[in-house]
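Student: The structure is given below, and queries will be raised subsequently.
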Amino acid sequence: MKHIDLTERSEESTRDLLRPAALAIKNGDLVILPTMTYYGLCADALNPDSVARVYKAKERDPSKPLIVLVDSFEMLKPLVEEVPPVARDLEWRLGRRGLTYVLRASGRLPSSLTAGTGTVAARLERNEVVQEVLELVGQPLTAPSANREGEPPPRTVDEAVSALRDWVEVAVRWYASSATAPTTLVDLTGATPKVLREGTVAAVDIAKVVGTP
């Protein structure tokens with residue numbers, strides 16, 4: 001396993017340091033990256049074999065869909081039937097605090113990733129490391145927390161590697177996560193947005209944006 005330490009001073013740019021991680025993802029391998037909440041187990045979201053490896057590594061129930069990370073609404077558009085205007089409003093006002101949107105999936109995503117639900121949970125990722133990797137890969141990533149199912153999500157790369165080292169090609173060290181909750185999950189598939197999981201953004205703040213009581 002290759003380790004990339006972004007906390008040490010280097011003459012190389014962050015982008016150059018992350019090229020091996022992006023290459024590993026393009027090759028179908030799994031990579032540990034920091035996200036805006038916890039460390040994630042990252043792979044090419046459009047590669048069914050990579051998606052299958054994520055499920056196996058995490059010992060995850062295949063009936064549970066995986067999240068998708070994108071760097072923009074432009075990257076998200078081909079993955080879903082539509083991006084409703086309310087998603088842009090929520091992202092503009094609250095996205096920096098952590099929102100994940102449930103949208104109707106297009107046929108481009110592997111059925112294993114959506115677990116046959118017909119929907120996808122997607123987030124415009126704000127962590128600068130993931131943003132660089134997304135730009136280098138040019139594809140959306142799946143990035144559930146880098147732990148075995150049922151175990152606490154990892155706040156450090158060492159915790160993530162300890163659980164999944166046999167499955168991972170590259171692990172990227174960034175600073176320890178200060179997250180105390182996952183992102184808030186908002187279902188945008190209906191006429192009215194519905195909070196499925198309250199996390200980093202309070203439901204009352206979402207209600208103020210969308211105009212619901």
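The values are calculated or read from the model by the stated rules, or taken from the named source; none is laboratory data. Quick caveat, the model's predicted, so the values are computed rather than measured. In this analysis, Cβ positions are derived from the backbone assuming ideal geometry, glycine residues included, and neighbour counts consider all displayed protein chains.
Student: Among what's in the stretch 18-61 and is of a type in the set (Gly, Ala, Ser) and part of a helix (DSSP H, G or I), pick the residue that is farthest from Pro140 (Cα to Cα). Steps first, please.
Tutor: We begin by selecting, within the stretch 18-61, every residue of a type in the set (Gly, Ala, Ser); these are 21-22, 24, 28, 40, 43, 45, 50, 52, 57.
Those still in the list that are part of a helix (DSSP H, G or I) too: 21-22, 24, 50, 52, 57.
Numbers: Ala21: 14, Ala22: 12, Ala24: 14, Ser50: 12, Ala52: 16, Ala57: 19 Å.
The residue in question is Ala57.
Student: From the list Val68, Val133, Val129, which one is modelled with pLDDT of 95 or more, assigned to a helix (DSSP H, G or I) and surrounded by 23 or more Cβ atoms within 10 Å (Cβ to Cβ)? Even if it seems obvious, please write down each step before you answer.
Tutor: Working: Val68 fails: assigned to a helix (DSSP H, G or I); Val129 fails: surrounded by 23 or more Cβ atoms within 10 Å (Cβ to Cβ).
After applying the criteria, what remains is Val133.
Student: Something else about it: Specify the residue that is farthest from Asn47 (Cα to Cα); the eligible residues are those in the stretch 82-104 that are assigned to a strand (DSSP E or B) and within 16 Å of the chain's Cα centre (by Cα).
Tutor: Our first condition is that a residue be assigned to a strand (DSSP E or B); within the stretch 82-104, this holds for 99-104.
Narrowing further to those that are within 16 Å of the chain's Cα centre (by Cα): 99-103.
Details: Leu99: 24, Thr100: 21, Tyr101: 21, Val102: 20, Leu103: 20 Å.
Per the stated criteria, the residue is Leu99.
Student: For Val161, state whether it is more than 22 Å from Ala57 (Cα to Cα), in a helix (DSSP H, G or I) and touching a Pro at 6+ places or on another chain (Cβ under 9 Å).
Tutor: Numbers: more than 22 Å from Ala57 (Cα to Cα): no; in a helix (DSSP H, G or I): yes; touching a Pro at 6+ places or on another chain (Cβ under 9 Å): yes.
In short, no.
Student: Right, here's the next one. Looking for something under 23 Å from Ala57 (Cβ atoms), surrounded by 20 or more Cβ atoms within 10 Å (Cβ to Cβ) and either at pLDDT 95 or above or more than 17 Å from the chain's Cα centre (by Cα) (or both) - is there at least one such residue anywhere in the stretch 203-213?
Tutor: Let us first name the residues in the stretch 203-213 that are under 23 Å from Ala57 (Cβ atoms), namely none.
Scanning the stretch 203-213 turns up no residue that is under 23 Å from Ala57 (Cβ atoms), surrounded by 20 or more Cβ atoms within 10 Å (Cβ to Cβ) and either at pLDDT 95 or above or more than 17 Å from the chain's Cα centre (by Cα) (or both).
Student: State whether the residues of the stretch 3-15 include one that is touching a Ser or Thr at 6+ places or on another chain (Cβ under 8 Å), crowded, with 18+ Cβ neighbours inside 10 Å, outside any strand (DSSP E or B) and not polar (S, T, N, Q). First the steps, then the outcome.
Tutor: Pass one, the stretch 3-15, residues touching a Ser or Thr at 6+ places or on another chain (Cβ under 8 Å): 6.
Still in the list and also crowded, with 18+ Cβ neighbours inside 10 Å: none.
Checked against the condition, which is being touching a Ser or Thr at 6+ places or on another chain (Cβ under 8 Å), crowded, with 18+ Cβ neighbours inside 10 Å, outside any strand (DSSP E or B) and not polar (S, T, N, Q), the stretch 3-15 yields no hits at all.
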